[in-house]
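The structure under discussion appears below in the form of structure tokens.
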Amino acid sequence: MAKLTPELEQRAQQLRHKLQEAGYAYYVLDNPIMEDTVYDRLIRELQELETQYPQLIVPDSPTQRVGEKPATKFISIEHNIPLYSLENAFNIEELKNWQERWQRQIEIDPHSDTVDYVCELKIDGSALALTYENGLLVRGATRGDGIRGEDITQNVKTIKSIPLKLKIDNPPSIIEVRGEAFLSINVFESINAEREKIGEPPFANPRNSAAGTLRQLDSKIVAQRRLDFFAYTLYINSEINSELSQFSTQWQYLELLQKLGFKVNPNRQICSSLNDVQKYYQYWDTERKKLPYLTDGVVVKLNSLPIQKKLGFTQKFPRWAIALKYPAEEVPTIVEAVTIQVGRTGALTPVAELKPVQLAGTTVQRASLHNSDRLAELNLHIGDTVIVRKAGEIIPEVVRVLPELRPTNAQLFQMPTHCPECGQPVVKPTDEAVTRCINASCPAILRGSLVHWASRGALDINGLGEKLVQQLVNSGLVESVGDLYDLKVESLTSLERMGQKSASKLVDAIATSKSKSWARVLYGLGIRHVGSVNAELLTQKFSSVGQLAQAKATDIEAVYGIGPEIAQSVEQWFQVSANQELVKRLNNGGVTMEVRTDTGNVAKEQSAFLAGKTFVLTGTLPTLKRDEAKSLIETAGGKVTSTVSSKTDFVVVGKDPGSKLQKAEKLGIEQLSEAQLLGMWEGSRL
């Protein structure tokens with residue numbers, strides 16, 4: 001190898017600088033300063049130099065945007081700062097209600113004009129959290145549940161509007177940047193055109209495509225998809241004593257992001273009143289169709305950082321920001337047929353098969369009709385013209401029928417009297433809107449039950465997904481959940497695309513699932529209304545399947561957090577002979593049906609985060625009722641009190657907290673969201 005000379009080092013540095021400036025001008029400023037052919041020639045020259053002299057490679061080199069080897073999996077990481085979502089408002093009245101709430105909280109004059117707002121377009125993409133250490137990008141992560149996400153750094157590096165190195169001298173030791181990764185409409189359409197050329201199905205919409213792209217294990221594929229990125233906020237470590245820590249407004253943060261090298265949405269605006277916010281919203285509701293990307297609303301933030309700090313956060317949202325969503329787009333189309341889907345609980349869901357129509361950036365061909373009551377209310381006929389919209393701009397639904405356009409030969413659609421999957425009679429309980437198949441041997445119910453049993457929150461059987469479940473049921477190898485534990489490698493290899501190695505892995509995964517906890521097994525049984533939290537509560541009271549099976553509804557209802565509907569559902573489930581047979585078979589097969597000694601020791605160890613601690617609950621939690629949260633804490637050895645004092649260890653904060661939160665803040669007591677409480681309960685400090 002030839003010796004690395006100072007001239008070659010200087011040339012590599014020049015190439016990096018030229019390419020970085022050209023990339024910034026093209027991808028961030030949208031103002032190209034270099035011809036594509038020149039850029040390609042220079043990056044090839046730099047790649048050749050770095051190949052010959054690997055010591056020239058630096059983390060922010062333009063050549064380092066695409067990794068050489070695909071990742072084998074993504075690692076779950078904890079966000080340094082929670083990645084909050086936004087509260088939604090769907091009209092101006094709800095926006096005014098939000099304003100009144102924050103004004104009351106900080107006791108500001110509601111007629112004051114001293115507070116202004118920053119309005120930005122809400123980009124329809126996928127949120128990212130970026131971490132820079134000493135100016136270099138060291139981590140990019142997905143939102144996940146807001147507390148934990150997935151480390152997708154290698155994929156983030158392929159997004160050319162995200163700088164690998166901040167454009168600042170003497171950067172803070174740590175900067176956290178938040179923003180939205182998205183696909184422009186043109187790029188999305190070109191990707192789909194290419195997929196159709198090679199016979200692959202087109203992607204559904206830009207938002208889902210962006211999220212799916214970010215989770216590709218091969219960063220080369222991510223690079224080909226040409227994702228873009230808008231930054232919208234940042235966090236600077238508090239010890240920095242510089243001009244960066246002296247900012248007082250959200251607007252200054254956005255300007256700083258631009259200086260650091262990020263692309264910031266150019267259509268942002270400062271509004272001095274809610275009337276100005278309304279004008280901004282109405283303007284973009286009309287003009288958004290001219291934009292090169294999808295936007296589903298306007299994000300409104302209080303501009304003052306001191307006021308933001310004073311208002312703080314709920315467990316899910318910042319109190320100082322809200323998303324004002326655009327009205328759902330509605331379009332007419334024709335119902336060509338109605339099909340029936342059968343779920344794992346036997347519920348029959350009618351689905352309208354539609355003449356394809358463009359809606360909110362995607363082609364819609366199917367729309368939910370929800371249930372038999374809704375279908376009767378619509379008085380739907382095959383051939384009807386209907387108005388379709390996307391609920392939350394995600395799930396297409398039929399809003400109304402236009403009977404004046406109904407063809408003379410249109411046929412009224414009526415719910416079937418027999419299950420389309422198994423042919424058995426269906427029932428519609430008088431107190432429910434849903435028609436159900438009650439045949440325990442129905443293939444659709446069986447498929448749904450198997451998928452649920454194998455799901456991550458239940459028995460977590462790796463490799464047992466919907467497609468394989470379909471094969472197992474269709475082949476007759478599996479006729480109940482219990483049959484999974486009799487599967488042999490020899491019988492599995494008879495299935496399409498199932499080799500010896502894959503079959504062995506599946507058999508091992510099924511065997512491993514036998515040792516999952518009694519709570520997971522109870523959840524996996526799929527009893528109506530029994531979610532994972534309720535299953536945990538029940539198994540703490542009823543330590544074995546025998547105890548629970550013999551319990552009366554009144555005994556079950558006595559458990560904290562368990563209401564009469566859940567109690568009756570559990571009692572009725574265990575009274576069905578087929579379910580009794582299933583439990584007996586699983587129990588005999590070695591599946592955990594009790595709180596075993598080793599499991600109990602683990603549970604006790606995991607609860608150590610709560611044991612001996614004093615908690616206060618305030619506000620409405622997103623999924624747990626207050627009694628449920630109290631029961632979780634107390635059964636894990638913690639204590640719940642009604643007042644905040646210096647002896648309080650944690651305050652669990654829900655929506656619309658009371659004065660307890662203010663007192664906790666004055667005393668400096670640590671605040672927890674519901675997700676953090678559950679994380680502690682499960683054995684990890686989030």
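The values are calculated or read from the model by the stated rules, or taken from the named source; none is laboratory data. Worth saying up front: this structure is predicted, and the values here are computed from it rather than measured. Note that each Cβ is placed from the backbone with ideal geometry, even for glycine, and that neighbours are counted across all protein chains shown.
Some points to look at:
- Residue list for segment 302-333, filter: among the aromatic types (Phe, Trp, Tyr) and assigned to a strand (DSSP E or B): 313
- Looking across 303, 267, one residue alone is buried (at least 19 other Cβ atoms within 10 Å of the Cβ), assigned by TED's automatic domain parsing to the domain that holds residue 146 and more than 21 Å from the chain's Cα centre (by Cα). It is 303.
- Positions within segment 275-298 being of a type in the set (A, V, I, L, M) and surrounded by 21 or more Cβ atoms within 10 Å (Cβ to Cβ), in sequence order: 277, 294, 298
- Filter result (assigned to a loop (DSSP other than H, G, I, E, B), surrounded by fewer than 21 Cβ atoms within 10 Å (Cβ to Cβ) and under 30 Å from the mean Cα position of the chain (by Cα)) within segment 427-463: 432, 433, 434, 455, 456, 457, 460, 462, 463
- Answer residue from segment 535-551, given it is closer than 20 Å to residue 449 by Cα and under 28 Å from the mean Cα position of the chain (by Cα) and is surrounded by the fewest Cβ atoms within 10 Å (Cβ to Cβ) among those: 535
- Residue in segment 435-447 that is over 30 Å from residue 521 (Cβ atoms), of a type in the set (S, T, N, Q) and not assigned by TED's automatic domain parsing to the domain that holds residue 504 present: no
- Among the residues of segment 660-675, the ones that are in contact with a Ser or Thr (Cβ under 9 Å, 6 or more places away or on another chain), assigned to a helix (DSSP H, G or I) and in contact (Cβ under 8 Å) with a residue 40 or more places away in the chain come to 4 in all.
- All of (1) in contact with a strand residue (DSSP E or B) (Cβ under 6 Å, 6 or more places away or on another chain); (2) not in a strand (DSSP E or B) hold for residue 285 with one exception: (1).
- Selection count where residues are farther than 12 Å from residue 586 by Cα and among the β-branched types (Val, Ile, Thr), scope segment 511-522: 1
- Taken over segment 306-337, residues that are surrounded by fewer than 19 Cβ atoms within 10 Å (Cβ to Cβ), more than 30 Å from residue 102 (Cβ to Cβ) and of a type outside the set (D, E, K, R) amount to 4.
- Residue ID - modelled with the highest pLDDT, chosen from residues in segment 340-394 that are within 30 Å of residue 288 (Cα to Cα) and small (Gly, Ala, Ser): 352
- Verdict on residue 399 being more than 30 Å from residue 446 (Cα to Cα) and not charged (D, E, K, R): yes
- Residue check for residue 624: outside any helix (DSSP H, G or I), at pLDDT below 80, over 15 Å from residue 545 (Cβ atoms) and aliphatic (A, V, I, L, M): yes
- For segment 395-412, residues that are modelled with pLDDT of 90 or more and either among the aliphatic types (A, V, I, L, M) or buried (at least 21 other Cβ atoms within 10 Å of the Cβ) (or both) total 6.
Here is a yes/no grid of residues against (1) surrounded by 15 or more Cβ atoms within 10 Å (Cβ to Cβ); (2) assigned to a helix (DSSP H, G or I); (3) not basic (Lys, Arg):
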position	(1), (2), (3)
516	yes, no, no
530	yes, no, yes
533	yes, yes, yes
559	yes, no, yes
567	yes, yes, yes
571	yes, yes, yes
581	no, yes, yes
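- Number of the exception - residue 318 against (1) assigned by TED's automatic domain parsing to the domain that holds residue 286; (2) farther than 30 Å from residue 531 by Cα; (3) not β-branched (Val, Ile, Thr): (2)
- Restricted to strands (runs of 3 or more DSSP E) entirely inside segment 106-221, no element has at least 1 residues that are in contact with a His (Cβ under 6 Å, 6 or more places away or on another chain), among the basic types (Lys, Arg) and modelled with pLDDT under 85.
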